[in-house]
Amino acid sequence: MNCYIHHEKSAVGICKSCGRGLCQDCVVEVGEGISCAGPCEEKVRIINRMVEGNARVLSTSNQSMRTAALFILILGIAFLIFGAWQYSIESDFLATFLMVFGLVFLGYGVVRLRKSAQYPVADSTDSKS
């Protein structure tokens, strides 16, 4: 592949913004990538900031998913306890209702906790907090 601007020179890299081949004279290193000298430099800086921001958002999202799953698990346990307590007083619809919802919340919390482990985790080297 040859340089987009200097057709006689071999390309040493590809611009992260426009995807054109660049020779040593045209290339500019911009953080985590290279760009055309001039026209694409700011675009590549913006792309790099977006990637860093996405890593932070991913980390926050994973933490929120785990927190929500734990809250649902605790809620399920609480419903089961209140249902069992109500059942010990009087076996009625309310006790059954509480225990069924407790089991539903408990099952949903376990599923959410297992699914949150499947989400990708951003490398600490990728994001600069």
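Bear in mind these aren't lab numbers, they're just calculated from the coordinates by the rules spelled out. On a predicted model such as this, the values are computed, not experimentally measured, just so you know. Note that we place each Cβ from the backbone using ideal geometry, even for glycine, and neighbour counts take in every protein chain shown.
Would you mind checking which residues have amide H under 5 Å from I34's amide H? H placed 1.01 Å from N; only 5 or more apart, or other chain.
K16
Let me know the charge dipole size of the chain about its Cα centre in debye, to the nearest 20, where only the beta-carbon of Lys, Arg (+1) and Asp, Glu (-1) is charged.
That gives the chain a dipole magnitude of about 80 debye.
Of V111, V51, V27, how do they rank once you tally other Cβ atoms within 10 Å and put the fewest first?
V111, V51, V27
Kindly provide the pair-distance distribution of the chain built from C-alpha pairs, with 10 Å bins from 0 and whole-percent values in order of increasing distance.
Reading upward from the zero bin: 13, 22, 16, 14, 12, 10, 8, 4, 1.
I'd like the GluC sites (Glu not before Pro) in the stretch 21-52 restricted to DSSP loop residues with at most 15 other Cβ atoms within 10 Å, sorted by number.
Here the sparse-neighbourhood loop sites are E32.
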